[in-house]
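Right, one structure below, let's go through it.
The values are calculated or read from the model by the stated rules, or taken from the named source; none is laboratory data. Keep in mind that this is a model prediction, so the values were computed, not measured. Here the Cβ positions follow ideal geometry from the backbone for every residue, glycine too, while neighbour counts run over all protein chains shown.
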Amino acid sequence: MANFKPNLFRSVYIFFELMEIVVVVGKPQVPCYFIFGDSLFDSGNNNELVTTARSNYLPYGTDFPQGVTGRFTNGRTIADIIGELLGFDEYIPTYATVTDQHISRGVNYASGGSGIREETGSHLGGRISLDRQLLNHYSIVSRLFHLQRNITFTRDYLSKCIYIVNIGSNDYINNYFKPDIYATSHMYTTNRYAQRLVQQYSRQLKCLYNLGGRKIAIFGLGLIGCTPAEISTFGTEGRPCVKFINDAVKLFNNKLKPILDDLNAYNPDAKFTFINVTSISLQQGTVLTNVPSCILRSDGQCVQTTLISLVRSMSMFYDGYHPTEVSNIHTARLSYIAISPMDASPYDISHLVQL
Ligand SMILES: *[C@@H]1O[C@H](CO)[C@@H](O)[C@H](O)[C@H]1NC(C)=O
Ligand SMILES: *[C@@H]1O[C@H](CO)[C@@H](O)[C@H](O)[C@H]1NC(C)=O
């Protein structure tokens, strides 16, 4: 009995020392980083789902240190690179695999094929819609409250995290512009559809706010009509891109910006930042081609192969829809400039000992 107590204290002490080292090495600018979205940000949440929207096979991951992971590109995603720029020394774990031990640094909920609307992407198979990503976040936040055991602390903690959201592309590609499968284009004009989407999105972002998020970066939609897959499906009538798709997407972006302005006005303690992906990609269009780097399946994803194209260092696209790592680096750097002023004050770890 006499020896028992000192040993216990010693092991507890060592545990805190180790925690201290981990934190000092990492030195992220914010305590945590949560990721929501579709295949542009997915890092493996779909791996165990029955869906064609999966990328856990070669040539995806060719240039990623861990190889094939379920990322829809050759290397790092935009979300990965922003995480590095924020100072995280490890990639944020997927919701599908995360354990209690790691949730306090953040979770990646993004799912390929998913959308703002629940039915979006259903013909591809399983996917986690934005509504269900928010439910998953609710369960993670509940776990955090339970583990940290101090409501004031956890609230404060969640308000310091960075949240990034990139969703809506599939509500066009795998919904509105698949009129044989989905009813939306028969029900709504492009203008009305964009309006419905941003209204729903606004409620979802408000939900993220209600779950404690305060520094939220929202990615607008890119020029979907310029992706190799949409160009080969619809043709361009001599233009560089599919004009009616870009026009529809532009309506969405133009309506999204004022919705975020409203959210900022009504919630002065939060910062919703719009990332203009169109302006970012226009800046690189001159140096990168839009020739895909792999052999495409009919759905625009890479055919399974170990052949690696060297074109990937000069192209904006890896497959029919998803950017190459080279392109992602560019987008992430410019996005980070917009995200970093979100009052990213250094984080005080001292209260974590309550865990
Ligand atoms: C809870 O957290 C707050 C804010 O970090 C802190 O001021 C307070 O002392 C904590 N309460 C307890 C009981 O540890
Ligand atoms: C995004 O940037 C493009 C190109 O600079 C611009 O034409 C467009 O109006 C911007 N979109 C929004 C919603 O601000």
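I'd like to know if segment 119-131 contains one or more residues that are of a type in the set (A, V, I, L, M), over 24 Å from ALA338 (Cα atoms) and touching a Ser or Thr at 6+ places or on another chain (Cβ under 7 Å).
yes
From the residues in segment 131-190 that are in contact with a Leu (Cβ under 8 Å, 6 or more places away or on another chain) and among the aliphatic types (A, V, I, L, M), which one is farthest from LEU260 (Cα to Cα)?
LEU147
Taking into account only those residues within segment 294-325 that are in a loop (DSSP other than H, G, I, E, B) and of a type in the set (D, E, K, R), which is farthest from ligand 2 (Cβ to nearest atom)?
Taking the candidates together, the pick is ARG297.
Using the structure shown, decide if LEU144 is assigned to a helix (DSSP H, G or I), hydrophobic (A, V, I, L, M, F, W, C), in contact (Cβ under 8 Å) with a residue 40 or more places away in the chain and within 25 Å of ASN276 (Cβ to Cβ).
Answer is no for this residue.
With respect to the numbered conditions (1) more than 16 Å from ligand 1 (Cβ to nearest atom); (2) out of contact with any strand residue (DSSP E or B) (no Cβ under 9 Å at 6 or more places or on another chain), which one is the sole condition not fulfilled by GLN148?
(1)
Note down all Cβ pairs under 7 Å where the first residue falls in segment 155-172 and is within 15 Å of TYR336 (Cβ to Cβ) and in contact (Cβ under 8 Å) with a residue 40 or more places away in the chain, the second is more than 16 Å from ligand 2 (Cβ to nearest atom) and acidic (Asp, Glu), and they're at least six residues apart or on different chains.
If the second residue must be more than 16 Å from ligand 2 (Cβ to nearest atom) and acidic (Asp, Glu), the pairs left are ASN166/ASP38.
Identify all residues within segment 231-248 that are touching a residue at least 60 places away in the same chain (Cβ under 8 Å) and either surrounded by 22 or more Cβ atoms within 10 Å (Cβ to Cβ) or among the acidic types (Asp, Glu) (or both); write none if there are none.
ILE245, ALA248
Only one of ASN174, ASN210 is more than 16 Å from ligand 2 (Cβ to nearest atom), modelled with pLDDT of 95 or more and surrounded by 16 or more Cβ atoms within 10 Å (Cβ to Cβ); which?
ASN174
From the residues in segment 260-275 that are crowded, with 17+ Cβ neighbours inside 10 Å and within 16 Å of ligand 2 (Cβ to nearest atom), which one is nearest to THR331 (Cα to Cα)?
ILE275
If I filter segment 103-120 down to residues being out of contact with any strand residue (DSSP E or B) (no Cβ under 8 Å at 6 or more places or on another chain) and farther than 19 Å from GLY213 by Cβ, which single residue comes out as surrounded by the most Cβ atoms within 10 Å (Cβ to Cβ)?
THR120
Do we have any residue at all in segment 119-138 that's touching a Pro at 6+ places or on another chain (Cβ under 9 Å) and part of a loop (DSSP other than H, G, I, E, B)?
Among the residues of segment 119-138, not one is touching a Pro at 6+ places or on another chain (Cβ under 9 Å) and part of a loop (DSSP other than H, G, I, E, B), which makes the answer no.
Can you run down the residue pairs with Cβ atoms below 6 Å, 6 or more apart or on separate chains, where the first is in segment 54-81 and within 19 Å of VAL311 (Cβ to Cβ) and the partner is of a type in the set (D, E, K, R) and assigned to a loop (DSSP other than H, G, I, E, B)?
Taking only residues 6 or more apart or on different chains, the pairs are ASN74/ASP63; GLY75/ASP63.
What number of residues in segment 276-293 are crowded, with 18+ Cβ neighbours inside 10 Å, away from ligand 2 (no atom under 16 Å from the Cβ) and of a type in the set (A, V, I, L, M, F, W, C)?
1
How many residues does segment 160-171 contain that are more than 16 Å from LYS250 (Cα to Cα) and either of a type in the set (Val, Ile, Thr) or surrounded by fewer than 24 Cβ atoms within 10 Å (Cβ to Cβ) (or both)?
Residues meeting the conditions: 5.
May I ask you to list the residues in segment 298-310 that are free of Cβ contacts under 8 Å to residues at least 12 places away in the same chain and surrounded by 13 or more Cβ atoms within 10 Å (Cβ to Cβ)?
Passing the criteria: only VAL303.
Quick test of your reading of the structure: GLU237 fulfils all but one of (1) over 28 Å from LEU158 (Cβ atoms); (2) in a helix (DSSP H, G or I). Name the failing condition by number.
(2)
Which numbered condition in (1) touching a Ser or Thr at 6+ places or on another chain (Cβ under 6 Å); (2) in a helix (DSSP H, G or I) is the only one that VAL291 fails?
It fails just one condition, (2).
Checking GLY212 against (1) farther than 27 Å from PHE88 by Cβ; (2) assigned to a loop (DSSP other than H, G, I, E, B), which test does it fail?
So GLY212 meets the others, but not (1).
Within segment 158-196, work out how many residues are of a type outside the set (Lys, Arg), over 22 Å from the mean Cα position of the chain (by Cα) and in a loop (DSSP other than H, G, I, E, B).
Adding up the residues that qualify gives 8.
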